[in-house]
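Reviewing the structure listed below.
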Amino acid sequence: MLVTRFAPSPTGHLHLGSVYSAQFAWRLAREAGGRFLVRMEDIDQTRCKPEYADSILDDLAWLGLDWDGEVRVQSEHFDDYSEAMAKLVRRDLVYPCFCTRAEIAADIEAAGGAPQGPDGPIYPGTCQYLGCQEIRRHIAADRDPAFRIDMTRAVALTGRLTFHDHGRGQIACQPLHCGDVVVDRKDGKASYHLAATVDDAIQAVTLVTRGEDLLPSTDIHRVLQTLLDLPEPEYWHHGLLLGPDGKRLAKRNKSVSVPDLRAAGHSPAEILAMAEALAPAART
Ligand code: GLU
């Protein structure tokens with residue numbers, strides 16, 4: 001059975017871009033007689049707000065994008081991510097990283113720049129081979145580490161990986177282009193990559209649909225799936241909605257927020273049509 005999902009981060013209201021994404025997953029599930037799930041990706045409590053989560057669910061229901069079963073709220077499932085993290089630790093595939101953002105930026109500048117990965121410039125590997133003494137020194141100085149995956153070591157174990165994208169066909173993963181991404185954050189909570197990978201498996205998602213801005217993240221997710229013995233879903237990365245200025249629609253663009261469009265008197269059908277109309281080459 002086809003199982004799709006919509007996984008918003010409640011850092012703002014639903015907007016036409018996220019309506020498009022939700023509708024994309026919802027329609028595929030409904031057309032196939034499958035299941036459409038919703039997951040709140042609210043791990044980053046500094047940016048996520050419960051009122052946005054409530055507003056997103058209210059707008060989805062009002063738009064008629066009804067979901068199956070309970071909404072999975074990531075902040076209620078930290079044990080699942082810790083379990084996955086423990087597996088990576090046991091396999092010696094992660095290392096602590098004490099760098100601050102400023103230190104990483106300075107190291108990258110000193111090295112004359114770094115290529116861009118899905119989470120920003122690729123980590124220069126400063127903490128990759130820290131000795132016990134250095135780790136103790138950081139801990140004594142009350143510095144909390146993030147944990148990064150050692151991608152070179154991970155790829156040596158997984159071998160070459162691919163994924164199937166419905167719009168693009170079979171794609172060869174290039175996880176080394178992503179560098180040693182964070183899997184566990186300084187606040188002790190799972191990163192998006194780890195949490196989303198674990199959740200897609202727990203929710204038995206068979207088709208991951210999301211914007212093509214997340215294509216590089218899929219390389220990381222395939223590595224994590226393989227290391228954690230999780231099933232491989234299919235993928236469909238859709239094009240991103242562009243505003244009249246040709247730029248990507250963003251949450252900060254108030255004119256496309258669903259609560260504002262609702263308040264202005266637009267019906268659900270009108271709002272769904274507006275999202276569709278802004279999507280050139282919609283399904284690829
Ligand atoms: N939470 C992510 C976002 O709002 C989506 C992640 C995903 O679909 O995998 O951009």
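No lab work stands behind these numbers, since they all come straight from the coordinates. These numbers were taken from a predicted model, which means no experiment stands behind them. Neighbour counts run over all protein chains shown; Cβ positions are idealised from the backbone, glycine included.
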Inset, instruction - Please give the length that would be gained between Ala269 and Glu31 if that part of the chain were fully extended, namely 0.36 nm times their separation in residues minus their C-alpha to C-alpha distance (nm, one decimal). - result: 83.9 nm
Legend entry - Span from the the range 1-74 Cα centroid across to the the range 148-174 one, whole angstrom: 27 Å
Inset, instruction - Only bridges with both residues in the chain count here: give the DSSP antiparallel percent, nearest 5. - result: 55 percent
Inset, instruction - Name the residue farthest towards the positive end of the dipole of the range 1-150 from the options Leu65, Ser82, Gln133, assuming +1 on Cβ of Lys and Arg, -1 on Cβ of Asp and Glu, about the Cα centre. - result: Gln133
Legend entry - Rounded to the nearest 20 debye, dipole of the range 1-79 from Cβ charges on Lys, Arg, Asp, Glu: 320 debye
Legend entry - Equivalent-ellipsoid semi-axes of the range 132-280, from the Cα gyration tensor, Å, largest first: 36, 22, 14
Legend entry - Rounded to 10°, Cα long-axis angle of helix 16-31 versus longest principal axis of the chain: 80 degrees
Legend entry - Relative contact order [Cα under 8 Å, 6+ residues apart], the chain, whole percent: 24 percent
Legend entry - Relative contact order for the range 130-284, counting Cα pairs under 8 Å that sit 6 or more residues apart, in percent: 22 percent
Legend entry - Gaussian network model of the chain, Cα within-10 Å springs - most flexible of Glu134, Glu232, Glu51: Glu134
Inset, instruction - Take the alpha carbon gyration tensor of the range 75-192, find the square roots of its eigenvalues, order them as a ≥ b ≥ c, and report rounded if a/c is under 1.5; if not, report prolate when a/b exceeds b/c, else oblate. - result: oblate
Inset, instruction - Measure nothing fancy, just the Cα-based angle from helix 101-110's long axis to the longest principal axis of the chain, in degrees from 0 to 90, nearest 10. - result: 70 degrees
Inset, instruction - If a cysteine in the chain has no other Cys Cβ under 4.7 Å from its own Cβ, put it on the list, ordered by number. - result: Cys48, Cys99, Cys132, Cys173, Cys178
Inset, instruction - Compute the Rg to Rh ratio over the chain from the alpha carbon atoms, using the Kirkwood formula for Rh, and round to two decimal places. - result: 0.98
Legend entry - Using alpha-carbon coordinates, inclination of helix 215-227 to the longest axis of the chain, degrees: 60 degrees
